[in-house]
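Right, one structure below, let's go through it.
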Amino acid sequence: MIHLILVSHHPDIARGIAALAAQMSAAPETIHTAAGIDDPDNPVGTDAVRIMQTLLEADNPDGILILVDLGSAILSAQTALDLLDDPALAARCRISAAPLVEGAISAAVAASSGADLETVAREATQALAAKQASLGESAPASATPVVAPSGDSTTITLTNRDGLHARPAARLVSALTPYRARLVLTCGDKQADGKSLNQLALLQARHGDRLTLHADGDDAAAALQTFRELAAANFGDPPDSGDGPLLARATPATAAHIRAAIWRCDPPQHDARALHADRAAFSEAVTIVAAHLETLQHAISARLGADAGDIFAAHAQLLAELAEATLTHAATNYAPVWQEETAQAAAALAALPDPYLRARAADIHDLAQQVLALLADAPEAAMPDNAPFILVARDLYPLRAATLPANCLAIVLADGDPHSHAALLCQAAQRPYYSGAGDAVLTLTDGAHIQITRASGEIHRLP
């Protein structure tokens with residue numbers, strides 16, 4: 001399988017793009033980074049030796065595609081190839097002129113689908129076409145226009161709320177690539193190669209559009225069946241929770257308001273500079289958090305379903321990667337190293353354009369504070385257990401959202417994010433979640449009573 005190396009002048013840029021590409025790839029382990037230089041005071045730049053070492057780590061029989069950001073990154077990559085002692089390895093590498101972000105995503109999908117180096121490189125260089133089409137700019141014409149084959153076909157209606165966006169399109173490409181049949185997807189008068197993420201993006205397929213997959217080849221029937229099954233599963237996206245047509249109108253037995261005393265609980269914030277943790281103490285804290293995540297995964301899966309539980313399986317993987325990166329440093333105190341490592345990873349996610357990926361920065365903050373809380377030996381704030389309450393805070397992290405008791409009637413956040421895992425967990429638990437309320441709610445104190453209008457989200461303080 002083709003491996004990718006992302007060469008950037010700044011480590012945060014490379015890590016952020018790698019995280020984004022990994023979301024689309026079925027083989028995230030094939031995505032590598034070689035960014036920045038070993039100068040804490042001025043980490044911006046590229047290092048040919050670092051790139052060469054990454055090439056040795058990424059070496060495989062199929063080849064390596066190197067994606068770069070700026071001109072000097074090209075020079076560093078070329079120098080790295082010249083430094084290799086193995087000419088055969090250098091011959092299996094290619095430096096791409098593709099745009100770094102779009103090219104990395106398209107190349108990652110193509111590579112994880114088993115495409116060869118030529119195909120992966122072509123997908124990367126053509127990655128701007130969808131953006132140009134969306135903005136009404138002219139893009140270079142494809143050398144081989146896509147024409148629907150004359151074989152069998154099947155038609156579905158796209159039910160994904162956000163259309164055939166990057167992630168469902170990536171899942172479709174991964175599912176169709178193994179088939180030998182020629183596969184062309186049409187949407188209205190537009191046609192695209194069903195095995196190309198770039199061309200699928202050019203369809204600009206929206207919710208409610210009719211998509212037809214045309215197939216011609218020995219395994220065409222199997223490919224069409226796979227397409228139908230993927231469509232029935234919403235291409236891996238959560239099902240749309242739209243109301244659908246009005247069936248009837250009933251009289252509610254409960255008020256359209258939520259009324260209760262509030263409980264103020266902001267996410268914990270521990271300053272690593274006041275803590276000390278040697279390698280053993282830090283590793284022990286990580287192990288305890290990992291065990292807690294495993295317990296949560298099983299408990300939430302049983303209570304709210306496997307999709308909700310999988311949030312904490314992903315957290316466990318994220319924790320392991322962040323801890324491993326922290327332990328690569330030689331330090332006498334790993335608390336500030338952990339805080340810096342997680343802060344950089346969260347900042348890289350927060351800078352991404354995809355709102356779903358941006359919201360994952362909160363997951364990293366959550367993990368960071370869980371480990372620091374153990375190092376600080378700080379107990380978790382106890383929730384009210386004897387009366388209904390409304391949680392009010394600036395934000396809510398997933399680990400707290402997963403453990404809210406039944407007497408928590410709603411969540412009101414000054415900030416918050418409807419795309420966050422905390423919001424998804426509240427949705428799975430059918431607990432009302434209100435974000436973006438502003439700082440006014442933070443003036444409330446424990447025990448103050450408020451009323452929330454369910455539909456509008458209006459909040460009133462009660463006498």
**Report entry** Candidates Ala335, Ala285, Ala313, filtered to the one that is assigned to a helix (DSSP H, G or I), within 25 Å of His165 (Cα to Cα) and open to solvent by less than 50 Å² (accessible area, probe 1.4 Å)
**Finding:** Ala313
Report task. Kindly indicate whether any position in region 373-385 is part of a helix (DSSP H, G or I), in contact (Cβ under 8 Å) with a residue 60 or more places away in the chain, over 12 Å from the mean Cα position of the chain (by Cα) and surrounded by 19 or more Cβ atoms within 10 Å (Cβ to Cβ). Result -> yes
Query raised in the report: Using beta carbons and a limit of 6 Å, which pairs, at least six apart or on different chains, have the first residue in region 42-63 and more than 19 Å from Ile13 (Cα to Cα) and the second one among the aliphatic types (A, V, I, L, M) and part of a loop (DSSP other than H, G, I, E, B)?
Result: Asp62/Met1; Asp62/Ile2; Gly63/Ile2
Query raised in the report: Inside region 25-51, can you point out the residues that are at pLDDT below 90 and buried (at least 23 other Cβ atoms within 10 Å of the Cβ)?
Result: Ser25
**Report entry** Top-ranked residue of region 349-367 - restricted to ones that are buried (at least 19 other Cβ atoms within 10 Å of the Cβ) and of a type in the set (Asp, Glu), ranked as nearest to the chain's Cα centre (by Cα)
**Finding:** Asp363
Query raised in the report: Looking only at strands (runs of 3 or more DSSP E) that fall completely inside region 392-463, which ones have 2 or more residues that are among the β-branched types (Val, Ile, Thr)?
Result: 408-413, 449-453
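The values are calculated or read from the model by the stated rules, or taken from the named source; none is laboratory data. Computed from a predicted structure; not experimentally measured. So basically every Cβ, Gly included, is an ideal-geometry build from the backbone, and we count neighbours across all protein chains shown. Just so you know, the surface numbers come from the protein's heavy atoms only, side chains and all, with ligands and any DNA or RNA stripped out. Shrake-Rupley method; radii C 1.70, N 1.55, O 1.52, S 1.80 Å.
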